[in-house]
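Encoded as structure tokens, the structure appears first; notes follow it.
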Amino acid sequence: MPASSTNNNVEVLVLDGGFGTTLETLFLQDISGPLWSARLIDTDPNLVVEAHKAFLASGADIILTSTYQCSHSTFSRAGYTREDGERIKKKAVTLAKEARDQHLADQNQSPSKKEPKIALSLGSFGATLPGGEEFGGRYPPPFGPPALNKANTFAEDESDLEEDSIRALTEFYLERLRVYVPVWDAIDYVAFETVPLRREVRAIRRAMRVFLDELSPGLDSEGKQNDVKWWISTVWPEGLFPEVDKKGEHTISVKEVIAALLGEREGEARPWGVGVNCTFLEHVPKIVGEMEDSLGDFERGFRSLRKDESEKGDVLLPRPWLVVYPNGGDTYDGNTQTWITNEEANGEQWARKLWDVVSGVVERKAWSGVIVGGCCRTGPDEIGGLVRLISPKEAS
């Protein structure tokens with residue numbers, strides 16, 4: 001059964017854990033290569049289904065599709081044609097649905113009861129580049145500054161180039177989103193993950209505005225925004241946002257990131273949820289606390305600009321959901337390209353530390369709800385630990 005729970009009138013949903021690293025640790029798979037875990041969608045689809053089912057069996061309310069690194073460029077580097085790449089992307093959604101159907105059948109659960117949901121995973125542009133640039137945000141032109149520029153931001157006199165970058169990133173996301181229209185009925189959420197740059201946040205919001213217009217023609221703008229539940233989660237290596245100035249210094253505050261995520265801008269849809277992923281748990285309390293403190297500055301953004309036909313004044317929109325899914329306790333050694341295991345920081349210990357953070361968020365009621373789960377090096381054990389803390393009756 002799903003582990004969703006309502007605590008203090010704030011709904012909490014449990015997301016799954018790190019799909020790729022679970023394939024490595026639990027299923028002993030080598031996922032190296034441009035496609036990472038997505039390679040198995042084509043080469044061993046049954047294993048993909050089993051990995052999803054492992055998280056569902058642990059009590060996850062939401063499973064992410066194995067499409068984090070899927071883009072035309074990653075499939076091209078892996079030797080696939082564009083047509084085959086698009087077929088495999090759609091197949092990933094079908095496999096997630098198959099896993100859910102099998103899980104429900106195994107549990108003898110009626111389709112009419114609450115069932116786990118499926119989130120489409122879309123990693124940042126950097127996730128499709130060699131070298132893990134979702135953590136550095138150093139993108140090649142036109143997606144980033146000129147090649148000789150060591151920073152990942154544009155100078156004040158490069159505003160035209162920055163706008164070109166946002167347009168290029170917008171098209172990158174639109175191209176990916178449009179592939180999934182034939183299987184859209186199986187998608188409950190869209191997760192834009194591990195985003196390292198504010199201008200990329202703006203590009204995602206622009207892409208979603210265009211995509212929602214295409215997906216639901218004829219609805220008013222706020223209806224389209226709220227018809228699809230989607231979130232943007234940012235990444236904070238060493239507790240710092242990856243965006244740096246010309247001196248290589250991290251000067252961007254959490255408040256400035258929240259402004260990019262939730263500030264009102266023409267032509268940009270407002271995400272249903274915002275948060276942080278692929279960040280070590282030790283940094284999460286401070287980041288989440290500052291995100292929460294910044295919400296009040298955007299109170300006007302929680303009001304619709306349209307007028308309700310039956311009521312005077314603006315229409316209140318719900319506050320966003322908080323989405324938080326940090327890494328497990330292991331650390332990655334870039335020199336040896338291996339993980340260093342820390343048993344004391346995983347499993348129940350990891351789950352308890354994360355729940356300590358989230359339970360405080362729930363008590364303060366600043367968000368409409370919370371989605372909590374894990375990223376790299378979190379598996380069914382960690383997610384099961386969260387479930388037992390959040391919904392002990394469901395887990396028993």
Handout entry: Within region 96-110, tally of residues that are in a helix (DSSP H, G or I) and either farther than 30 Å from His72 by Cβ or under 19 Å from the mean Cα position of the chain (by Cα) (or both)
Key = 7
Practice task
Within region 227-268, work out how many residues are open to solvent by 70 Å² or more (accessible area, probe 1.4 Å) and either over 22 Å from Gly373 (Cβ atoms) or among the β-branched types (Val, Ile, Thr) (or both).
Solution key: 12
Exercise for the section: Specify the residue that is surrounded by the fewest Cβ atoms within 10 Å (Cβ to Cβ); the eligible residues are those in region 186-200 that are of a type outside the set (D, E, K, R), farther than 18 Å from Tyr325 by Cα and within 15 Å of the chain's Cα centre (by Cα). Expected result: Ile187
Practice task
State whether the residues of region 121-132 include one that is on the phi < 0 side of the Ramachandran plot, at pLDDT 95 or above and assigned to a loop (DSSP other than H, G, I, E, B).
Solution key: yes
Practice task
Look through Glu175, Glu162 and report the one residue that is closer than 18 Å to Arg205 by Cβ and surrounded by fewer than 14 Cβ atoms within 10 Å (Cβ to Cβ).
Solution key: Glu175
Problem - Some residue of region 144-154 being under 24 Å from Val323 (Cβ atoms) and either open to solvent by 20 Å² or more (accessible area, probe 1.4 Å) or touching a residue at least 60 places away in the same chain (Cβ under 8 Å) (or both) - result: yes
Fill in the blank from the handout: How many residues of region 137-178 are over 15 Å from Val210 (Cβ atoms) and part of a helix (DSSP H, G or I)? The answer is 10
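The values are calculated or read from the model by the stated rules, or taken from the named source; none is laboratory data. The shown structure was predicted, so the numbers you read here are calculated from the model rather than taken from an experiment. Positions of Cβ are backbone-derived with ideal geometry, glycine not excepted, and every protein chain shown enters the neighbour counts. Just so you know, the surface numbers come from the protein's heavy atoms only, side chains and all, with ligands and any DNA or RNA stripped out. Shrake-Rupley method; radii C 1.70, N 1.55, O 1.52, S 1.80 Å.
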